[in-house]
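*Asks:* Dropping the structure in here first, questions after.
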Amino acid sequence: MWHLQPLLRTSVRSRAFHRTYAKNSDPKLKIYDKNFVLKPHDDPHAPLVAVLGFAGSTDRHLAKYSKVYEDRCTVVRCTAPLRLIPSAQKCFPRANDLYDKILLPGTYPKVIFHLLSGNGSNLFVALWKLLATVPGGEKWKRRTAGIIYDSTPSDFMPRNAAIAMSTATFPTHLQPKFPNVFIAYRNSIWFCIHVKRGITWVQWLWDRQAFERIIGYQALLKIEDLPDLHLFLYSKLDNITSYKDIETLMDVLRKRCPQGKVEGRLFDSGHVDHLKKYPDEYMQVCKRFMEDCLDGHRIRE
C-alpha cells in the first residue's frame, strides 16, 4: 500500500482545503480545485478578469490580486500545475479547464488577463492557442480588452528558470537550514533545463516553431491577434525575468499595433514582489488599466 500514500495525502490535503474554504471564505466562491477558483460578481453579465498565477502560487496568493477587480468584475484565479521544466505546451490541460468551465458557458462582455511570472504567461499562451481551435474561441479573443504582465514574460534562460523553479519547489523553511542541498537541487534543475533547451535547438533545425511551442515569451513575440491594451509591471532588480526581454516585447507590440496602448511601470522590487512592496501604487495602476479596458475598449468585430 506504500504506493498509495501520495494519493491519500493529496486526497487529505484536498479535503482540508475545501473545509478551510467552507469556514473562512466567501460562500459565493466556486472552487474547482485548490488552484482554480471563481469569484462571481453579483451582476451575471459583469466582465471577467483571469488572474493566472506564478509557479507554486496558491489561491490565497492570487486572492490578493483579485481584490483590485472584484468591485466591477467576476474573477477567476487559476494556476497551472508546477513543472520542474516550465513549458507553455504543458499548460494545455489547464487551459482547457479555463475554456470548458469558464469561457464556454460564460456570457462575459469583456475579458482582462493578469499574468504573474512565466507560469502565468505560459498558461495564457496555451489558452490563446487553444482558442484558435475551439468553437467560439475567436469570439473570446475579440472580447479580450487587455493584458497585465507582472514580472513576465522572459526568454527564461536555464539559469533564471532554475532559480525560479528551485525556489518554488524547495520548501522555503529548509533553504537556510540546508543551503548545500538547495544549491545542488538548483543545479540539477539547471542541468535538466539546459538539456531540454539543447534538444529544442536541435528540433528547431527542421521545425522553426519549436521554441514558440515551449517558451511563452517566444510565442508572444509572434502572436498577431493580441488585444490593443497592455500594461507591464517589471523591475531591473528582478533576478528571474529579464527587463530587457520585457522591453523588447513592448517595442514589438507598439510597432504591431500603433493605435493601441502599451504602458510600462518600473518598480524597484524583486520578482513578483511589486504588490507586496507597493500595494497602493500597484492597485491604483491596475485599477486604472481595468477602467481603460472596460470603459474605453471597443470589442473587435
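*Asks:* Residue by residue through segment 238-282, note down the ones that are touching a Lys or Arg at 6+ places or on another chain (Cβ under 6 Å) and aliphatic (A, V, I, L, M). Spell out how you get there, then give the answer.
*Replies:* The initial filter retains those residues of segment 238-282 that are touching a Lys or Arg at 6+ places or on another chain (Cβ under 6 Å), namely 243, 262, 269.
Answer for segment 238-282, where residues must be touching a Lys or Arg at 6+ places or on another chain (Cβ under 6 Å) and aliphatic (A, V, I, L, M): just VAL262.
*Asks:* Check every one of the strands (runs of 3 or more DSSP E) wholly within segment 27-146 and list those with 1 or more residues that are within 28 Å of TYR185 (Cβ to Cβ), touching a His at 6+ places or on another chain (Cβ under 8 Å) and not polar (S, T, N, Q). Write out each step before concluding.
*Replies:* Values: elements: 30-33, 36-39, 48-52, 74-78, 111-116.
Where strands (runs of 3 or more DSSP E) fall fully within segment 27-146 and carry at least 1 residues being within 28 Å of TYR185 (Cβ to Cβ), touching a His at 6+ places or on another chain (Cβ under 8 Å) and not polar (S, T, N, Q), they are 48-52.
*Asks:* In segment 230-262, how many residues are closer than 18 Å to THR144 by Cα and in a loop (DSSP other than H, G, I, E, B)?
*Replies:* 4
*Asks:* Could you say which residue among ASP207, ASP238 is outside the structural domain of LEU131 (by the TED database) and at pLDDT below 95?
*Replies:* On the way: ASP238 fails: outside the structural domain of LEU131 (by the TED database).
Only one candidate qualifies: ASP207.
*Asks:* May I pose another question? Considering LEU266, LEU253, LEU237, which residue is of a type in the set (A, V, I, L, M, F, W, C) and either closer than 20 Å to PHE124 by Cα or in contact with a helix residue (DSSP H, G or I) (Cβ under 7 Å, 6 or more places away or on another chain) (or both)? Can you show your working first?
*Replies:* Details: LEU266 fails: either closer than 20 Å to PHE124 by Cα or in contact with a helix residue (DSSP H, G or I) (Cβ under 7 Å, 6 or more places away or on another chain) (or both); LEU237 fails: either closer than 20 Å to PHE124 by Cα or in contact with a helix residue (DSSP H, G or I) (Cβ under 7 Å, 6 or more places away or on another chain) (or both).
Going through LEU266, LEU253, LEU237 in turn, the sole match is LEU253.
*Asks:* Would you point out the residue of segment 51-78, among those that are small (Gly, Ala, Ser) and within 30 Å of CYS192 (Cβ to Cβ), that is surrounded by the fewest Cβ atoms within 10 Å (Cβ to Cβ)? Step through it out loud before you land on a result.
*Replies:* Here is the first cut: in segment 51-78, the ones small (Gly, Ala, Ser) are 53, 55-57, 63, 66.
From what's left, within 30 Å of CYS192 (Cβ to Cβ): 53, 55-57.
Numbers: GLY53: 25, ALA55: 24, GLY56: 18, SER57: 23.
Per the criteria, the residue is GLY56.
*Asks:* Turning to a different aspect of this structure: Does segment 214-242 hold any residues that are within 16 Å of the chain's Cα centre (by Cα) and within 17 Å of LEU130 (Cα to Cα), and which are they?
*Replies:* Residues of segment 214-242 that are within 16 Å of the chain's Cα centre (by Cα), as a first pass: 214-220, 226, 230-234, 240-241.
Scanning segment 214-242 gives ILE214, ILE215, GLY216, TYR217, GLN218, ALA219, LEU220, LEU226.
*Asks:* Still on this structure, please answer the following. Can you pull out every residue in segment 79-111 that is over 12 Å from the mean Cα position of the chain (by Cα), at pLDDT 95 or above and surrounded by 16 or more Cβ atoms within 10 Å (Cβ to Cβ)?
*Replies:* The answer is ASP97, LEU98, TYR99, LYS101, ILE102, LEU103, TYR108, LYS110, VAL111.
*Asks:* While we're looking at this one, here's another question. Output the number of residues of segment 279-301 satisfying the condition of being assigned to a loop (DSSP other than H, G, I, E, B) and touching a strand residue (DSSP E or B) at 6+ places or on another chain (Cβ under 6 Å).
*Replies:* The first filter runs over segment 279-301 and keeps only residues assigned to a loop (DSSP other than H, G, I, E, B), leaving 297-301.
Adding the requirement that they be touching a strand residue (DSSP E or B) at 6+ places or on another chain (Cβ under 6 Å) leaves 297.
Of the residues in that region, 1 qualify.
*Asks:* Among the residues in segment 224-237, are any in contact with a Lys or Arg (Cβ under 9 Å, 6 or more places away or on another chain), surrounded by fewer than 19 Cβ atoms within 10 Å (Cβ to Cβ) and free of Cβ contacts under 8 Å to residues at least 12 places away in the same chain?
*Replies:* So far as segment 224-237 goes, no, none of its residues is in contact with a Lys or Arg (Cβ under 9 Å, 6 or more places away or on another chain), surrounded by fewer than 19 Cβ atoms within 10 Å (Cβ to Cβ) and free of Cβ contacts under 8 Å to residues at least 12 places away in the same chain.
*Asks:* So the check is Cβ under 8 Å with 6+ separation or different chains; which pairs have a first residue in segment 129-153 that's assigned by the TED database to the domain that holds LEU275 and on the phi > 0 side of the Ramachandran plot and a second one that's small (Gly, Ala, Ser) and in a helix (DSSP H, G or I)?
*Replies:* SER151/SER117
The values are calculated or read from the model by the stated rules, or taken from the named source; none is laboratory data. Just so we're clear, the structure is a prediction, and the values are computed from it rather than from any experiment. A quick note on method: Cβ atoms are made from the backbone with ideal geometry, for glycine too, and the neighbour counts reach across all protein chains shown.
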